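Below is one structure; the comments refer to it alone.
The values are calculated or read from the model by the stated rules, or taken from the named source; none is laboratory data. Just so you know, these numbers come straight off a predicted model, no measurement behind them. Note that we place each Cβ from the backbone using ideal geometry, even for glycine, and neighbour counts take in every protein chain shown. Please note that ligands, DNA and RNA were not included when accessible areas were found on the heavy atoms of the full protein model with its side chains. Shrake-Rupley method; radii C 1.70, N 1.55, O 1.52, S 1.80 Å.
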Amino acid sequence: MWSTFFLTDEEGRTVVPGTAGAGGMAAPGGPAQGAGGLASLMGGRSTFGGNKRRRTTSAGHAMSEAQEGKIKLAFFVAIVGVVLTVLGVGTEFWVELAPPKNFYNNQTCLTAHYGLWKGCTKTLWVSDIDPERESCGPAELHGESNCTYFKFFTTGENTVMFQKTTHKNLNVAAAMLALFSLFLMVMGAICITMALSKEILFFLKPASICFILSGVLVLMTLLVFHQSVLSFLASDHTVPLHHELSWSVSCIGCAGAVLIVGGILFLLLALPCSPWQRCLPHKEGSS
């Protein structure tokens, strides 16, 4: 006996496939379909084939090109903050210390500058200093420099400069905050990379938290470091010192602000709908 199987087209009609060299035969309740009808059925919207759909997010919506472009733009903002942080943390121009330029002799004077990891002293010629400047410096002038890493990271010893002693607890705390902020930046960058490669918007939320927290920690690093400088100056009053924060601190301050802005942008992009659409809902015109 012949066994017959049926297919269903897009309009719900039952079709019997035809044999080789003959047209298709319609089952009761449906018109006859040819070989062309069967081909269109197999290529149409059915369980046997169809166009490939783009991968969808966890919320069920595909990431559009506009969303991907916005994420990349926010990621660029965050990367700027990361670069500024690395530049500030890796340099030692956080604070400059300078006694009066005629404190030691009338030919040379001594200035110092340090950051989170090491400090440098530099001997300058008084003739190269601006006559209107009372203290020695700035540290960018040409002179003999000597830089050493702080010993409180290895042996636990404090550093003495201009007969003043650093407070290792505050310096170590500032350095640890900076390192932890860098770790959060790396985690946020990994989340954004996963969001772009897998097209999953869920990764934007942890990324926003990582970047916002890293920006806050960077700003806290500035506060702790400034407090360590004040404690350093108050440790001894034998040598009068003029101090000023240098360009590395400016990099860190800008980095903290940029990282927080980047984290907020990621948080806005992770919302299911735009805040502007919630505050200003679109009013459809009457038909």
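Here are the numbers for the structure shown:
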| read-out | value |
| --- | --- |
| Region 87-104 residues that are under 26 Å from Ser127 (Cα atoms), paired with ones that are open to solvent by 30 Å² or more (accessible area, probe 1.4 Å) and assigned to a helix (DSSP H, G or I) (beta carbon under 8 Å, 6 or more apart) | Phe93/Trp247 |
| Which listed residue, of Ile264, Ile260, Ile252, is open to solvent by 50 Å² or more (accessible area, probe 1.4 Å) and modelled with pLDDT of 85 or more | Ile264 |
| Of all residues making up region 198-214, the number that are farther than 23 Å from Ala255 by Cα and open to solvent by 60 Å² or more (accessible area, probe 1.4 Å) | 2 |
| Evaluation of Thr108 against (1) within 22 Å of Val224 (Cα to Cα); (2) among the β-branched types (Val, Ile, Thr); (3) touching a helix residue (DSSP H, G or I) at 6+ places or on another chain (Cβ under 7 Å) (one fails), failing number | (1) |
| Sole exception among (1) under 22 Å from Gly81 (Cα atoms); (2) assigned to a loop (DSSP other than H, G, I, E, B) for Phe180, by number | (2) |
| Filter result for Lys151 (crowded, with 16+ Cβ neighbours inside 10 Å, of a type in the set (D, E, K, R) and free of Cβ contacts under 8 Å to residues at least 40 places away in the same chain) | no |
| Leading residue by the ranking (surrounded by the fewest Cβ atoms within 10 Å (Cβ to Cβ)) among those in region 215-231 that are in contact (Cβ under 8 Å) with a residue 60 or more places away in the chain and within 14 Å of the chain's Cα centre (by Cα) | Gly215 |
| Failed condition for Thr85, given (1) closer than 30 Å to Lys205 by Cα; (2) surrounded by fewer than 15 Cβ atoms within 10 Å (Cβ to Cβ); (3) of a type in the set (S, T, N, Q) | (2) |
| Condition check for Val229: in contact with a helix residue (DSSP H, G or I) (Cβ under 8 Å, 6 or more places away or on another chain), part of a helix (DSSP H, G or I) and either over 27 Å from Pro138 (Cα atoms) or of a type in the set (A, V, I, L, M, F, W, C) (or both) | no |
| Region 116-132, residues that are farther than 16 Å from Phe162 by Cα and either in a loop (DSSP other than H, G, I, E, B) or not aliphatic (A, V, I, L, M) (or both) | Leu116, Trp117, Trp125, Ser127, Asp128, Ile129, Asp130, Pro131, Glu132 |
| Test: residue in region 119-136 that is farther than 22 Å from Pro240 by Cα, of a type outside the set (Phe, Trp, Tyr) and open to solvent by 70 Å² or more (accessible area, probe 1.4 Å) | no |
